[in-house]
Amino acid sequence: MAKKYNSQETIESILAVSAKLFLEKGFDKTSIKDITVAAGISKGAIYHHFQSKDEILHAVTELQTQHVENMVKGWLAEMGSYTAREKLIALLHKNFSSQEAHYLDDVMASRIKSPEFVVSYMQDCVNKDSAFIAEIIKEGVADGSLSTEYPEECAEVFLLLLNIWCDPVVFQCDHAKLKQRLKFLQHVMKSIGMDILQEDLLEKISKLLQRLYSKEHTDE
């Protein structure tokens, strides 16, 4: 008896195989044929679920985003009686230490040169990710560990500066310039009542971002 077609299993297989190939070969060098061969399915099966390779990448990143969100919820659940400031510092440390959280960084580094991708990324920072940070900041204002009249704006500016301006793939810079930008971000956040970027955290962030600063990613 022929095995019954399982749509969800096929989608999961496509995404798992695609993520692996994107990391190993790079997004641009991975073809739809590569994905069909690795997944053991027909090209028609892929196009039944995804219209293009870009759509597959979008689905892969959405899956990764959901995974990271679940990790963050788990981290928060472990923090018990932490103040909001302590929560933000701990979350930043965990995020920049986690290989799982940055699983797709190398893939996204090649895509982030696209103006459309950068705009979309900035919109996500402001419209999606910042809401979560803003709620913790509001909690910090209430418990006295943070001090600002603009929790939502603080969250938005922090994420835009950290994820876009301090990303050497978007705004090219050498090691010294990157560290200077991070120090400036530390100064800005502290001056607006958001003293959450300690020296050891800056070093951790710098090391991760430097990994993205390579000849492969920055040469035109």
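At-a-glance table
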item	result
Options 172, 198: the member that is farther than 21 Å from residue 97 by Cα and more than 15 Å from the chain's Cα centre (by Cα)	172
Set 181, 211: member being more than 30 Å from residue 80 (Cα to Cα), in the same structural domain as residue 95 (by TED's automatic domain parsing), in contact with a Leu (Cβ under 9 Å, 6 or more places away or on another chain) and of a type in the set (Lys, Arg)	181
Filter pass, residue 144 being in the same structural domain as residue 92 (by TED's automatic domain parsing), at pLDDT 95 or above, at positive phi and out of contact with any helix residue (DSSP H, G or I) (no Cβ under 7 Å at 6 or more places or on another chain)	yes
Output for the stretch 49-66, where each listed residue is over 11 Å from the mean Cα position of the chain (by Cα), surrounded by 13 or more Cβ atoms within 10 Å (Cβ to Cβ) and not charged (D, E, K, R)	49, 50, 56, 57, 58, 59, 60, 63
Selection within the stretch 117-159 - over 18 Å from residue 66 (Cβ atoms), among the charged types (D, E, K, R) and part of a helix (DSSP H, G or I)	135, 138, 139, 143, 152, 153, 156
Within the stretch 72-88, tally of residues that are surrounded by 15 or more Cβ atoms within 10 Å (Cβ to Cβ) and either assigned to a helix (DSSP H, G or I) or touching a residue at least 12 places away in the same chain (Cβ under 8 Å) (or both)	9
Neighbours by Cβ (under 6 Å, 6+ apart or cross-chain): first from the stretch 16-35, surrounded by 12 or more Cβ atoms within 10 Å (Cβ to Cβ); second assigned to a loop (DSSP other than H, G, I, E, B) and of a type outside the set (A, V, I, L, M)	21/30; 22/30
Residue within the stretch 153-169 that is at pLDDT 90 or above and not hydrophobic (A, V, I, L, M, F, W, C) present	yes
Residue match in the stretch 6-25 (condition: acidic (Asp, Glu) and either closer than 30 Å to residue 87 by Cα or not in a helix (DSSP H, G or I) (or both))	no
Candidate set from the stretch 193-220 (those that are surrounded by 17 or more Cβ atoms within 10 Å (Cβ to Cβ) and outside any helix (DSSP H, G or I)); member that is modelled with the lowest pLDDT	213
Tally of residues being part of a helix (DSSP H, G or I) and surrounded by fewer than 16 Cβ atoms within 10 Å (Cβ to Cβ) across the stretch 165-192	11
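Yes/no per residue for (1) in contact with a helix residue (DSSP H, G or I) (Cβ under 6 Å, 6 or more places away or on another chain); (2) modelled with pLDDT of 90 or more:
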| position | (1), (2) |
| --- | --- |
| 3 | no, no |
| 16 | no, no |
| 20 | no, no |
| 25 | no, no |
| 77 | no, yes |
| 107 | yes, no |
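The values are calculated or read from the model by the stated rules, or taken from the named source; none is laboratory data. Keep in mind that what you see is a predicted model, and the values were worked out from it rather than measured. Cβ sites come from the backbone with ideal geometry, for glycine too, and all protein chains shown count toward neighbours.
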